[in-house]
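The values are calculated or read from the model by the stated rules, or taken from the named source; none is laboratory data. If you're wondering where the values come from, they're calculated on a predicted model, not measured in any experiment. No Cβ is skipped: glycine too gets one built from the backbone with ideal geometry, and neighbour counts run over all protein chains shown.
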Amino acid sequence: MNTQVKFRLRFYRDAVIAIGPGKVELLEAIASAGSISGAARQLGMSYRRAWLLLEELNTSLTSPAVVTATGGARGGGASLTEVGQAVIAHYRAIEDKASKAAAQDIHVLTQLLAG
């Protein structure tokens with residue numbers, strides 16, 4: 001059986017997913033691409049979808065995870081703030097610790113999944 005099991009950790013703020021795997025992946029892609037449009041392309045999503053996810057994330061936090069710069073000679077861009085970097089670091093640390101702590105249970109559940 002070649003089943004891949006992933007944690008899908010999500011932090012809710014009321015009914016909104018404030019921080020989740022898609023938003024963390026988007027932050028990582030923005031850090032890599034240097035722009036929201038580049039990150040959206042990397043992730044195979046529309047710019048609009050990326051912008052909406054980012055807007056939802058930024059309004060859920062005490063301060064923005066990403067700052068943007070408008071055009072100019074070299075175009076605009078986006079970069080992570082300290083908050084954005086912290087979101088990624090802590091989210092990934094929780095995933096890692098949870099995976100290690102639950103390794104045996106994950107193994108058992110994986111064995112119960114239909115292949």
- [ ] Check Ala102, Ala93 and return the single one that is closer than 25 Å to Tyr12 by Cα, modelled with pLDDT of 90 or more and not charged (D, E, K, R).
- [x] Ala93
Task: Lone unmet requirement of (1) in contact with a helix residue (DSSP H, G or I) (Cβ under 6 Å, 6 or more places away or on another chain); (2) free of Cβ contacts under 8 Å to residues at least 24 places away in the same chain; (3) closer than 24 Å to Asp14 by Cα for Ala65 - done: (2)
Open item on the list: Considering only region 91-103, I want to know if a residue exists there that is surrounded by 16 or more Cβ atoms within 10 Å (Cβ to Cβ), without any contact (Cβ under 8 Å) to a residue 60 or more places away in the chain and over 17 Å from the mean Cα position of the chain (by Cα).
Closed with: no
- [ ] Please go through region 21-53 and pick out each residue that is surrounded by 18 or more Cβ atoms within 10 Å (Cβ to Cβ), in contact with a strand residue (DSSP E or B) (Cβ under 8 Å, 6 or more places away or on another chain) and either of a type outside the set (D, E, K, R) or over 18 Å from Thr68 (Cα atoms) (or both).
- [x] Leu27, Ile30, Ser35, Ile36, Ala39
